[in-house]
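Every read-out reported here was derived from the displayed coordinates using simple, explicitly stated rules and does not represent laboratory data. Computed from a predicted structure; not experimentally measured. Here Cβ is always computed from backbone atoms with ideal geometry, including for glycine, and neighbour counts include all displayed protein chains.
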Amino acid sequence: MSLLASRMARTRTMPQSCDRRGQSGGERGGSDELAVLLADVNKQQAQEVAERVVRTLNELLFRVFDAIELRAKCSVGIALAGHDDVIEGVLARADGALYEAKSVGRNAWRAAPVA
């Protein structure tokens, strides 16, 4: 949860000119996307993290004006990096997996094939 709170706080001060390649602090630019780098995990562990992120966000309930209830939903793309991968390639594969997850609806995750 601290990752989400930290991201929300930083989003308020993030320059609007950030592009998708992460010109600000290494994360993906844009108000609704971020990248999470996990060290020394395998595909199953990365999928478990994705499931936990999706579940945790879906459990959040936001009340607006004491009358409207909103739930957060998300899509997650996973890409594992090999020893010879460059970050742009890993992010491109994660992006492809993200859009595949979005195509099946919110609260989904997909893993990219290993390069």
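What is the gain in length, in nm to one decimal, between V64 and A92 on full extension, counting 0.36 nm per residue of separation less the C-alpha to C-alpha distance?
Result: 6.5 nm gained on full extension.
Rounded, prolate or oblate for segment 37-115? Axes are the square roots of the Cα gyration tensor eigenvalues, ordered a ≥ b ≥ c, and the cut-off for rounded is a/c under 1.5. Note, shape of segment 37-115 comes out prolate.
Listed values for segment 82-93 are Karplus-derived 3J(HN,Hα) couplings in whole Hz (6.51 cos²θ - 1.76 cosθ + 1.60, θ = phi - 60°), namely x, 4, 9, 6, 9, 4, 4, x, 5, 5, 5, 5, and x replaces Gly and Pro. Of the residues L98, L80, L37, the one with the fewest other Cβ atoms within 10 Å heads the list, and the complete ranking is L37, L80, L98.
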